[in-house]
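Take a look at the structure below.
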Amino acid sequence: MRMLVLGAGLQGSACAFDLLQNPDVREVRLADLHVGQIAPFLAPHSGQRLIPTPLDVRDTEAVLALMRESDAVMSALPYYFNVRMAQLAVEAGAHYCDLGGNTDMVFEQKALHEQAVARGVSVIPDCGLAPGMVNILAQHGIDQLDTVDAVRMFVGGLPQQPEPPLNYQIVYSLEGALDYYTTLSWVLRDAKRTQVVPLSEIEPVEFPEPLGTLEAFHTAGGLSTMPFRYEGKIPVMEYKTLRYPGHAELMRAIRELGLLSTDAVDVKGHHVVPRDAFVAAVSPKLRKPRAPDVVVLRVVAEGTKAGAPARVGWELIDRRDEAHGISAMMRTTGYSLSITAQMQVRGETGGAGVCTPDECIPAARYIALLAERGVDIRPVDFTARERRAGADRRAAAPA
C-alpha cells in the first residue's frame, strides 16, 4: 500500500504512525505546509517508509500529483478542506477518508457518489472518534435489535488529572470544541429530526473510579448523518459530550457573555473577534502536551429482541500511550482514520461510492482491529451494572 496523509498535526501524525506498523504499507507520505519537525515517535521512520512532504493543499496540481501516486488518502486537515480533498481524490482515482465533523460538508461529499463509483474508489467522511467510532458502534447496536426505541452516544476527551476552573485540557482542537459548543445539535425526538442547543440537558453518567460521575450534554457533529437516515424509524437518537462536572455551566456562561461570538466588536478602535481573543488567551493555559489524557466512550441501543425488551452497548476507556508519547485522543481518532483507509484498500468497506462509517464499515472487524492496537472496546454488562447499583442503593438506605 502507498498511503498519503494530509496534515501533520496530532491526528495526522498518529494516523501515519499506525500505518507504519503494518508491513504491507510500503510508503507513507505525510504532507503538510510545514514538515520540518515531525513528531518524535515518527522520527525513527523518517526517510525510510515515511516521507515528510511539503505541500500546500491549495495547490491543486501538486495535490493531484501526490494523490495519483497513492492507494488511499487520509485527510487530517481542518474540516473546511474536506469537500475539495474528496473531489480531488476521486479525480485522482484514490480511496479517501477524513475526520469530518461538519455534517453539511458530508452531504456535499455524498454528491460525489456517482463519480466515485465510476472511478472505482470509495469516499468515507467522518472517520474519527465522534463522528466515526461512535456511529459504527451505534449501527452495530441497531443491527442487533429487532426494533429500536433509542440510541444514545457519549464521548469525552478528558485530562486524567483535571485542574480548575474548566477541568479540561486541549486534546484535539480548541477551535473545534468551541464550534461544537456553539452549533445546534441534530437529534431524533419522537422519530422526528430536530435541533437542540449545545451545552443543554446536562445529565450525570457513571463510570468506574477514578473517573466516577461525569456530566453529559449536547454538542454538534457527533451523530453525523444518522438522524437523517433514521428519521421516522427510531424514536430517540442523541449524542452528548462527556466532561467533568461543572464544565458545561462555565462554558455556557462564557458563551452567553458573548466571548465565543464570531462577530467582531470594537475594542479601543480595533475590530476584534471575541472568539479569536478567547482562543488566544485561553489556549496557552489549556495546552498541556505532556499531561496524560483519557478518552471515555459509551454507546447504548435499546429496543426489543425476540419480542422481549433488550439493550446492547459498548464502552471504551483509553489512556495515553506513555511509551510513545501518543495521547488517547490521537490513538482513538488517528488510528481510526488509519484503520478505515487500510480497510478501504483491502476492499473491506463494500463497493465504490460515498458512505459514512455507519453505512459501510463492518463493526466486528473494526473493533477487532482496534483491539490489536490496545484500544479495547468492551460490551456493557447491564446485568452486573444493575446488580451493583442495587447494592449501592441498599447500602445507602437508612437503617
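The values are calculated or read from the model by the stated rules, or taken from the named source; none is laboratory data. Because the structure is a prediction, the values reported are computed rather than measured. Note that we place each Cβ from the backbone using ideal geometry, even for glycine, and neighbour counts take in every protein chain shown. Only protein heavy atoms, including side chains, enter the accessible area calculation; ligands, DNA and RNA are left aside. Shrake-Rupley method; radii C 1.70, N 1.55, O 1.52, S 1.80 Å.
Worth a mention:
- Among the candidates Thr333, Thr340, Thr304, Thr349, residue that is of a type in the set (S, T, N, Q), under 30 Å from Pro164 (Cα atoms) and touching a residue at least 60 places away in the same chain (Cβ under 8 Å): Thr333
- The strands (runs of 3 or more DSSP E) found entirely in the range 256-369 that carry 1 or more residues being acidic (Asp, Glu) and either in contact with a strand residue (DSSP E or B) (Cβ under 9 Å, 6 or more places away or on another chain) or surrounded by fewer than 20 Cβ atoms within 10 Å (Cβ to Cβ) (or both) are 265-267, 293-305, 308-319.
- Restricting the search to strands (runs of 3 or more DSSP E) fully inside the range 155-242 and requiring at least 3 residues that are crowded, with 22+ Cβ neighbours inside 10 Å gives 185-189, 213-218.
- For the range 368-394, filtering for residues that are at pLDDT below 60 and either of a type in the set (Asp, Glu) or closer than 30 Å to His324 by Cα (or both) leaves 2.
- Scanning the range 179-202 for residues that are at pLDDT below 95 and out of contact with any helix residue (DSSP H, G or I) (no Cβ under 6 Å at 6 or more places or on another chain) turns up Asp179, Tyr180, Thr182, Thr183, Leu184, Ser185.
- Residue in the range 261-282 that is touching a His at 6+ places or on another chain (Cβ under 6 Å) and not acidic (Asp, Glu) present: yes
- Residues of the range 346-355 satisfying the condition of being more than 16 Å from Glu114 (Cβ to Cβ) and in contact with a Lys or Arg (Cβ under 9 Å, 6 or more places away or on another chain): Glu348
- Looking at the range 1-86, the strands (runs of 3 or more DSSP E) lying wholly inside it that each contain 1 or more residues that are of a type in the set (Gly, Ala, Ser) and in contact with an Asp or Glu (Cβ under 9 Å, 6 or more places away or on another chain) sit at 72-75.
- Positions within the range 370-379 being in a helix (DSSP H, G or I) and either in contact with a strand residue (DSSP E or B) (Cβ under 7 Å, 6 or more places away or on another chain) or among the polar types (S, T, N, Q) (or both), in sequence order: none
- Pairing each residue of the range 137-163 that is within 29 Å of Ala177 (Cα to Cα) and β-branched (Val, Ile, Thr) with any residue that is assigned to a strand (DSSP E or B) and open to solvent by 40 Å² or more (accessible area, probe 1.4 Å), provided the two are 6+ apart or on different chains, yields C-beta distances under 9 Å for Val151/Glu302.
Results for (1) at pLDDT below 95; (2) of a type in the set (D, E, K, R); (3) crowded, with 21+ Cβ neighbours inside 10 Å, shown as yes or no for each residue.
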{"position": "Met3", "(1), (2), (3)": "no, no, yes"}
{"position": "Leu19", "(1), (2), (3)": "no, no, yes"}
{"position": "His34", "(1), (2), (3)": "yes, no, no"}
{"position": "Gln87", "(1), (2), (3)": "no, no, no"}
